[in-house]
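*Asks:* Sending over a structure as structure tokens; questions will come in a sec.
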Amino acid sequence: MRARTVSSWLSRAFLLIVAGLKFGKLFGTVGTMLISIGAYALVFGWRYAVGIVAMLFFHEMGHYIAARQRGLRVGLPMFIPFAFAWVKLEDTPHDAETDAYIALAGPMLGTVAAIGAYFLAREHGMSWLMAVAYTGFFINLVNMIPLPPLDGGRITSVLSPRIWLLGVPIIGALMFFHFSMILLLVAILALPHVWTALQFNKDDVANAQYYAVSPRVRWEYGLLYVGLIAFLAYMTNEVDQQLDGIGRHHVEQPDSDTV
Ligand SMILES: [Zn+2]
């Protein structure tokens, strides 16, 4: 009897802890979102701040949904003001195609959200929302640079990790022309992946298994990757010009001064 009471208490306590952890995670997402919105709002105004965090949220939910589709455990998105947001994969993808699928889903849903913001902004003549759309396209475009930890690196790994070496001059040029602490952080995090790319041997048994992808799938990802970059580059430029036409008020990109 007593043992049963203790065990029922224990199981209740356990359920409470589980509920608490779930709430904690949710609080982490909502809390870091609010902190991010507050930080952006101080610099750009609250409407733009909400819009930008929404753009990040849709991008991250793309990764989240794709990971769940593939049966992987994944945490809800977390946000760091003026830097980035992320979802943490609790399980490691078993092969390059799964990794690429999850990586591509972020920029895909992020782009859909930016398109939504773009049309809403055009329909109602809202320049702040046009600025949100611009930042949405821009963030997703930068994420397509083919070098991990950026999404583009994980998408292109399905073709070959050697492609990551193409990302090095791109990051280098960006750092040279528009230095920011975020870029520096990305560059530091990318270093081990550059090393992997330099040493990559496709005939290695573990590599041969992990990167075993049919030519058709390679083509599909390759085309989607190039197509999405072309679209994002076009839209970033297009919206940039429209904003110039409006005479962009408070809508500059966060740069090294505001990081
Ligand atoms: Zn992403």
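*Asks:* Once amide H atoms are placed 1.01 Å from N in the peptide plane, what residues at a sequence separation of 5 or more from Ile145, or on another chain, have their amide H within under 5 Å of its amide H?
*Replies:* Placed amide hydrogens put Gly152 under 5 Å from Ile145.
*Asks:* Let's test this: bin the Cα-Cα distances of segment 87-185 at 5 Å from zero up to the farthest pair and state each bin's percent.
*Replies:* 3, 12, 18, 18, 17, 15, 10, 5, 2, 0
*Asks:* Counting pairwise Cα distances across segment 120-259, what percent come out greater than 26 angstrom?
*Replies:* Counting pairs separated by more than 26 Å, the tail of P(r) holds 36 percent.
*Asks:* Now, a different point. Can you pull the semi-axes for segment 2-252, root of five times each eigenvalue of the Cα gyration tensor, sorted largest first, whole Å?
*Replies:* They are 32, 29, 16 Å, listed from largest to smallest.
Bear in mind that the values in this text are calculations on the coordinates, not laboratory data. These numbers were taken from a predicted model, which means no experiment stands behind them.
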